[in-house]
Amino acid sequence: MNIETVCNQQWYLALYITGGKNREKLFGWLHDRRITPWTPLSLTKIRRADAPHVFRKRVSAVFPGYFFLKANFDVQKIDTIRAHSAFCDFVKFGSQITPVNTRVVEALMKKYPDPTHHPAARDELEVASNIWLTKSQYKRLTQLEKMEHPISRTAMLFDMITHADAWGF
């Protein structure tokens, strides 16, 4: 039996207002309320214009404006979660808020594992580091990185969530 079964926590997909430190403030606020927020982040190096041999590190969201949160709506009320100014809304599949397949989130955590960017999700990232992805799963997750446009990556995320079985999860 795992902690999710005991606490009845599930992963959900939600939207936040991008820009500034909104993500960091929202994640800290959620973590204080015992809600685990997480979003895949990628690290890229950008050549500086004033120094051609020097690169700047840039952290960016793989799915800008979207994040996962792990909560139990019987304990953590939806209205409380919506109260933060940087929180937009939950992503609904159909007319209701639907949990996301845990294996999809764990696979994304395996692919984007940097815990320094997600201290609130450190335990979940550690669990995800022990899972093994099939070649097919890894190949599909690698396709996310090849998409230059965030809208295309987000479309793939939605497809992965709604058709988890077809993606091998």
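Relative to the longest principal axis of the Cα atoms of the chain, the long axis of helix 22-32 lies at roughly 40 degrees.
Candidate cross-link partners of K110 among the aspartates and glutamates, defined by an alpha-carbon separation under 17 Å and a same-chain spacing of 8 or more, comprise D123, E124, E126, E145.
Rolling a 1.4 angstrom probe over the protein heavy atoms with all chains in place gives the chain an accessible area of 60 Å² per residue. Bridgeable aspartates and glutamates around K45 (alpha carbons under 13 Å apart, same-chain partners fewer than 8 residues away excluded) are absent. Roll a 1.4 angstrom probe over the protein heavy atoms and tell me the percent of accessible area of the chain that is carbon or sulfur. Carbon with sulfur: 52 percent of the solvent-accessible area. Would you mind checking which residues have amide H under 5 Å from L41's amide H? H placed 1.01 Å from N; only 5 or more apart, or other chain. The list, which skips near neighbours in sequence, is V62.
Each DSSP beta bridge with both residues in the chain is either parallel or antiparallel, and the antiparallel ones are about 100%.
In this structure, every pair taken from K57/K139; K25/K77; K21/K111; K25/K111; K57/K135; K25/K92 has an alpha-carbon distance of 31 Å or less. What the phi angles of the stretch 154-169 give under the Karplus curve with 6.51, -1.76 and 1.60, with θ = phi - 60°, is a coupling list of 5, 4, 5, 4, 4, 5, 5, 6, 7, 10, 4, 5, 5, 7, x, 9 Hz, glycine and proline written as x. Between K45, K110, K146, the GNM of the chain built on Cα springs shorter than 10 angstrom shows K45 fluctuating the most.
Calculated FRET efficiency, D79 to H149, Cβ-Cβ distance, R0 = 41 Å: about 0.75 to the nearest 0.05.
Applying the Karplus relation 6.51 cos²θ - 1.76 cosθ + 1.60 with θ = phi - 60° to the stretch 57-67 yields 3J(HN,Hα) values of 8, 10, 9, 9, 6, 5, 10, x, x, 10, 8 Hz, where x marks Gly and Pro. Spacing of the modelled spin labels on T18 and F158, each 7 Å from Cα toward Cβ, amounts to 1.5 nm.
Residue-wise HN-Hα couplings along the stretch 97-112, as the Karplus relation 6.51 cos²θ - 1.76 cosθ + 1.60 with θ = phi - 60° gives them from phi, are 6, 10, x, 8, 4, 4, 5, 5, 5, 4, 5, 5, 5, 5, 6, 10 Hz; Gly and Pro carry x. When the Cα convex hull of the chain is projected onto planes of every orientation, the mean area is 11.2 nm². Only helical runs count toward this figure. For the chain, summing -39,500 (n - 2.57) over DSSP H runs of n ≥ 4 and dividing by all residues gives -11000 deg cm²/dmol at 222 nm. Near the amide H of C88, within less than 5 Å, lie the amide hydrogens of L15, Y16, I17, all on another chain or at least 5 residues away, with H placed in the peptide plane.
The values are calculated or read from the model by the stated rules, or taken from the named source; none is laboratory data. Since the structure is predicted, the reported quantities are computational estimates derived from the model, not experimental observations. Quick reminder, even Gly has a Cβ in these numbers, built from the backbone with ideal geometry, and neighbours come from all protein chains shown. Surface areas here come from the heavy atoms of the whole protein model, side chains and all, with no ligands, DNA or RNA. Shrake-Rupley method; radii C 1.70, N 1.55, O 1.52, S 1.80 Å.
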